[in-house]
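The structure appears below as structure tokens.
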Amino acid sequence: MSDSEGYDSDDYPSIRGSDSEDEESGSSGNEDVLNTSNNDHGNDDESDSSELHEGVEESDSSEDEVVPRNTVGDVPLEWYRDEKHIGYDITGKKIKKKEKEDKLQSFLASADDSKNWRKIYDEYNDEDVELTKEDIKSISRLLKGKAPHRDFDPYEPYVDWFKWDDSKHPLSNAPEPKRRFIPSKSESKLVNKIKLAIRKGLIKPKKSKEEEEEEESVYPLWGDDSNSMGKNDHLSYIPAPKPKLPGHEESFNPSLEYIPTQEEINSYQLMYEEDRPKFIPKRFTSMRSIPAYENAVKECFERCLDLYLCPRVRKKRLNIDPESLRPKLPNRNDLKPYPVSCYLEYRGHEDAVTSISVEASGQWIASGSLDGTVHIWEVETGRCLKHWKIGEAVKYVSWNPNPEHSILAVSAGQDVLLLNTGCGNEEVQKSTKELLSVEMPMPDDSGKTASSVSWLQDDKLEGIRLRHSKTVTSVEWHRKGDYFSTSSPRIFLTLALRESRAIFIHKLSKKFTQTLSFKLQGPAVTSVFHPTRSFFFISTKKIIRVYDLVKEGKLVKKLETGLREISSIAVHPSGSDHIIVGSGEGKLCWFDMDLSSKPYKTLKLHQKDINNVSFHRSYPLFATCSDDCTAYVFHGMVYSDLNQNPLIVPLEILRGHSSTNGRGVMDCKFHPRQPWLFTAGADSVVRLYCH
């Protein structure tokens, strides 16, 4: 033990006072630096100076400050860990380390010493220092956040050093500002805002911890979590949907009054599926006899995973009037006349009527059927004027648009027949007979004559027979009545010419057939002439190509329908580049060639395949027919102003045909002068719908 441990506590106040002064002056950088009067490693002069220092009173002079024994400054004590000394005193002599005591002896000595709790080990000077009562009081006051000195008054009166009684010249002669004696308006406004926010509940007092714990611990188990969510800066939590609580009906062994009788179960089968109950109660002897018992836990776990892992998005519900979403279309009464009801039926075929065609004047109509017959009907009376037995199923009939020739083109199998209908006056009959006479064909040096088509005279039917190598599906006339095209569903390519043999163009006056020099990418479905220009439309299953016949078959445009399979096309008779396309999936596409190669509008109309589409020659009407036994009539107005879009308005759904072998309405054509529509059905009936 050092000599300083033998001193009384009365000798330490002066020492602690000097130490506190040293700490306030900042000369020492350690908190626990305490100067004692004696130590084991000091000399007699140092002990005498310390004894003299004990009797010195406290002073503010820097000369009276007690300098610590160790003068190493900010040098870390770790550097002296392996040395025998701990530093140097003010005279430059080494301060040797104390010999380490046995821990057991030091523990026993500290246990016997009642003042051991006041002692602090000073590593800087390698000595033990005992704190006085005043030091302990100062430390406790500092821990409480008070001033270390007990006599310090933090609320002492303010002393105005710039004001005294005998002052003659004030610091400023300016009058006092109004803000010193007038209430602030901005502060009153702020107070009013805070009061208003408190009344509205925008500002709420902070809840205690007990209230917060109560709110967190208690919550409604089956309550709606969507309304209780607060506004957060992060993504809003979307609660999982909670199923309806099960009742007595969902029990595995419900009461007898919940179990329906056999009569009630039979009545459920007669109800609509929407009105039919989703769950019918049953009784089981135990839970294990329920069929879903084996996979119940697994299904419950998978449902929980679905609710937990599935992405849920909170969508804001918009209150929109459904009527406002409908396009503003004109009234149907303002768009009259258009066909509404069935006026007349033409009966005489024994099988499905595949095609119909109306004469240019609108007085007669021709129809072809799968029974191998072609009939000529008078439109107004329904009288059968003439009929032919072709011997094969008729695929297509088309009347020559030239009123000077009474010629009907009929496709049956691999042949195309040009028949004299016998309608018209003597001059028409004379010119028709001259045109339907075939002489020996002259050799063509151009090399474009199709060798696969032969022109033959048919004396039995009094017409011309064009024999093709494959089945002909459609015949389309040019507007002048001299050219017509035939289409076959297959393509034949010669290795030398690489040209398509699916489309042929025939000239009636010269009795020759011309092949097209361009190549088709896929099987041809149908072909159509433009009503006013020299364009020729050829459609494959998905694409329509437009060629200019004057410029040697130059490709003008390529229309991409986006449909699965094209069934028929029709060109607007006004000469504007508007086309409607019917598909095998019940969709109708309207094309504006001047606008784009993509459809202007695509309408999903029929439930089954669309068999044919047709424009009216003079009225703004067009129609579609389908295997669902319906025909749709539309108002389709095309404006001369290119900036105005076409107006398409659905008008009427015509019904009346019955389904036969899965087929419905096979063909539809408009009357050339009246707003009438002819439909040919698989039920072997031709119907006329009038306004």
Could you pull out the residue among Glu552, Glu560, Glu565 that is surrounded by fewer than 17 Cβ atoms within 10 Å (Cβ to Cβ) and at pLDDT below 85?
-> Glu552
Taking the stated definitions as given, is Ser574 within 30 Å of Glu652 (Cβ to Cβ) and in contact (Cβ under 8 Å) with a residue 60 or more places away in the chain?
-> yes
Given (1) of a type in the set (A, V, I, L, M, F, W, C); (2) at pLDDT 85 or above; (3) closer than 23 Å to Glu130 by Cβ; (4) open to solvent by less than 70 Å² (accessible area, probe 1.4 Å), Val66 misses just (2)
Segment 474-497 residues that are among the charged types (D, E, K, R), paired with ones that are surrounded by fewer than 13 Cβ atoms within 10 Å (Cβ to Cβ) and at pLDDT below 90 (beta carbon under 6 Å, 6 or more apart) | Asp482/Ser509
Condition met for Gly562 (farther than 24 Å from Ser355 by Cα, outside any strand (DSSP E or B) and under 34 Å from the mean Cα position of the chain (by Cα)) | yes
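In segment 654-691, how many are free of Cβ contacts under 8 Å to residues at least 40 places away in the same chain and either part of a loop (DSSP other than H, G, I, E, B) or open to solvent by less than 30 Å² (accessible area, probe 1.4 Å) (or both)?
Applying the first criterion (free of Cβ contacts under 8 Å to residues at least 40 places away in the same chain) to segment 654-691 yields 655, 657-659, 662.
Then keep just the ones that are either part of a loop (DSSP other than H, G, I, E, B) or open to solvent by less than 30 Å² (accessible area, probe 1.4 Å) (or both); that gives 657-659, 662.
The number of residues fulfilling the criteria is 4.
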Which condition number does Tyr600 fail, the rest of (1) hydroxyl-bearing (Ser, Thr, Tyr); (2) under 21 Å from Val546 (Cβ atoms); (3) more than 37 Å from the chain's Cα centre (by Cα); (4) open to solvent by 40 Å² or more (accessible area, probe 1.4 Å) being met?
-> (3)
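Output yes when any residue across segment 308-319 is modelled with pLDDT of 85 or more, assigned to a loop (DSSP other than H, G, I, E, B) and within 39 Å of the chain's Cα centre (by Cα), and no when none is. Give the derivation first.
Of segment 308-319, the ones modelled with pLDDT of 85 or more are none.
No, that holds for no residue.
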Among the candidates Pro339, Pro330, single out the residue that is in contact (Cβ under 8 Å) with a residue 12 or more places away in the chain and closer than 30 Å to Arg479 by Cβ.
-> Pro339
Within segment 361-408, the count of residues that are among the aliphatic types (A, V, I, L, M) and open to solvent by less than 20 Å² (accessible area, probe 1.4 Å) comes to 9
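Being acidic (Asp, Glu), surrounded by 12 or more Cβ atoms within 10 Å (Cβ to Cβ), in a strand (DSSP E or B) and at pLDDT 85 or above, is that true of even one residue in segment 95-117? First the steps, then the outcome.
Just the residues of segment 95-117 that are acidic (Asp, Glu), to begin with: 99, 101-102, 112-113.
Of the ones still in play, those that are also surrounded by 12 or more Cβ atoms within 10 Å (Cβ to Cβ) are 113.
Remaining after also requiring in a strand (DSSP E or B): none.
So far as segment 95-117 goes, no, none of its residues is acidic (Asp, Glu), surrounded by 12 or more Cβ atoms within 10 Å (Cβ to Cβ), in a strand (DSSP E or B) and at pLDDT 85 or above.
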Single residue of segment 507-535 satisfying the filter (crowded, with 18+ Cβ neighbours inside 10 Å and within 41 Å of the chain's Cα centre (by Cα)) that is farthest from Gly553 (Cα to Cα) | Val525
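The values are calculated or read from the model by the stated rules, or taken from the named source; none is laboratory data. Only a predicted model underlies this, so the values are computations on that prediction, with no experimental measurement involved. All Cβ positions, glycine included, derive from the backbone under ideal geometry; neighbour counts span all protein chains shown. All accessible areas refer to the heavy atoms of the entire protein, side chains included, with ligands and DNA or RNA removed. Shrake-Rupley method; radii C 1.70, N 1.55, O 1.52, S 1.80 Å.
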